[in-house]
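The block underneath contains the structure these notes are about, expressed in structure tokens.
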Amino acid sequence: MRPAPRIEPAADEHAPAADEVLPSRAVRSGAHKSRGRFVAGVVVLVVALVGVGIGSWALMSNDSSMPRGSGSPATTPARPRLFFRIGEVTTDRTGKKAVGVAGDASVEIAGQLSSFYDSVFMDPDTWKNGVPEGAWVLFDRSLRARAREDSASFTLGSQAASLKNLRVENASMSVEVLVDPRGNPQAAVAEVEFKARGFLVNGQRVTITNTASFLFQPEKGEWLVFGYPSAKTTIEAQAPSPSASGASGSPDSGATSP
């Protein structure tokens, strides 16, 4: 007998084709790649925005510490310090070792005198408040009371409060160092010359000079003043020049305005 014919169901005209219902492997793969590129792009964008934000914050932070309209921080310029120029250095002995010892001693002594003169003559705080107690450590304890009594010979004295400004014109010194046969420094004599010019608060020009001779001795590794055979401070103030509109006659004639 002939087998019965196989009956196939009628095709649905409205059913979607198989390739429309299930996307091909190539299409699915392309979709995964597109999503991967999108996610990667988002990550790169976020990282870039974070970097820009950090950079902007750092720039703003730096700008906030700088005064507007200025290329540098608003700081008060430091006052120039006084330093003595060492001229001649001599010793009572010859030899390379003695010369080296004398040179080292002169540098230490110059440093101490520079600190003292800068404090008592050039520091505006001293002009207002007087010589600080720490300045007198230059002198040995046995000599400090006497040095304070003779302070007019080392300082500006009562004229200090009248100063407006001061500029050093000369600060020089010479040093002679006494060295023992073993090459150890025993004493030193420092000759000082100091000169400065400036103005008083009333407009007068002022010239300040000081000359002094200090006897130093090493004490526990430090040079201290044990004597000052001579010391003198001179302060000369000149009358301010009259302005062109301040007087009707010649300044030398002594005429005054009616």
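The values are calculated or read from the model by the stated rules, or taken from the named source; none is laboratory data. Please read these numbers as outputs of a predicted model, since none were measured by experiment. We place every Cβ from the backbone using ideal geometry, glycine too, and count neighbours over all the protein chains shown.
Restricting attention to segment 169-194, the residues being of a type outside the set (Ser, Thr, Tyr), surrounded by fewer than 20 Cβ atoms within 10 Å (Cβ to Cβ) and within 14 Å of LEU82 (Cβ to Cβ) number 3.
Yes/no matrix, rows are residues, columns are (1) modelled with pLDDT under 95; (2) assigned to a loop (DSSP other than H, G, I, E, B); (3) in contact with a Cys (Cβ under 8 Å, 6 or more places away or on another chain):
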residue: VAL137; (1), (2), (3): no, no, no
residue: ALA160; (1), (2), (3): yes, no, no
residue: VAL168; (1), (2), (3): no, no, no
residue: ASN202; (1), (2), (3): yes, yes, no
residue: VAL225; (1), (2), (3): no, no, no
residue: TYR228; (1), (2), (3): no, no, no
residue: ALA231; (1), (2), (3): no, no, no
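Checked against the criterion of being of a type in the set (Lys, Arg) and closer than 25 Å to GLU222 by Cβ, the candidates ARG79, ARG141 yield just one match: ARG141.
If you go through segment 201-240 and keep only what is farther than 26 Å from VAL107 by Cβ and in contact with a Lys or Arg (Cβ under 6 Å, 6 or more places away or on another chain), you end up with VAL201, THR207, GLN238.
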